[in-house]
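First comes the structure, then the notes that go with it.
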Amino acid sequence: PEDQADKLLLASWGLPRAVLEKYHSLGVVQMFEWQAECLMLGQVLEGKNLVYSAPTSAGKTLVAELLILKRVLETRKKALLILPFVSVAKEKKCYLQ
């Protein structure tokens, strides 16, 4: 995002309206500062690697989803999201559709 004050708003990251509406319907309008910092590190948005760690339920998945969504939409290529449990995979499948 051009304006640092808006970096926490999902709408500032160039996501399509349908994606933003889905996140908004789930109550996700903005992210934590550490999540935005992850997205702004180095060349992460250009496809470079990112390793980050946070406690359970801290918001790690949102960072991964935003990176995957932006990359898929910009490159028109497929992405592979590996999840640790079948229940989580089923949940994400419904969520991301």
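The values are calculated or read from the model by the stated rules, or taken from the named source; none is laboratory data. Just so it is clear, the structure is predicted and the values come from calculations on it, not from any experiment. Note that each Cβ is placed from the backbone with ideal geometry, even for glycine, and that neighbours are counted across all protein chains shown. Each accessible area value is taken on the protein alone, full model and side chains, heavy atoms only, with ligands, DNA and RNA left out. Shrake-Rupley method; radii C 1.70, N 1.55, O 1.52, S 1.80 Å.
For the chain, the solvent-accessible area works out to 73 Å² per residue, with a probe of 1.4 Å and every protein chain left in place. Taken about its Cα centre, the chain carries a charge dipole of about 600 debye when Lys and Arg each add +1 at the Cβ and Asp and Glu each add -1 at the Cβ. Phi angles of segment 66-71 translate, via the Karplus equation with coefficients 6.51, -1.76, 1.60 and θ = phi - 60°, into HN-Hα couplings of 5, 5, 5, 4, 4, 5 Hz per residue; Gly and Pro are given as x. Expressed as a whole percent, the accessible surface of the chain that belongs to carbon and sulfur atoms is 56, based on a 1.4 Å probe. If you take all other residues with their beta carbon under 15 Å from the beta carbon of Lys77, and give Lys and Arg +1 and Asp and Glu -1, the sum is +2. The listed residues Lys7, Lys78 rank as Lys78, Lys7 when sorted by accessible area, largest first, using a 1.4 Å probe. Taking Trp13, Trp34 and ordering them by how much accessible surface each has at a 1.4 Å probe, largest first, produces Trp34, Trp13. The relative contact order of the chain, computed from alpha carbon pairs under 8 Å that lie at least 6 residues apart in sequence, is 19 percent. The percentage of C-alpha pairs in the chain whose separation is greater than 19 Å is 43%. Full extension of the chain between Lys92 and Val72 gives 5.6 nm of extra length, using 0.36 nm per residue less the Cα-Cα distance.
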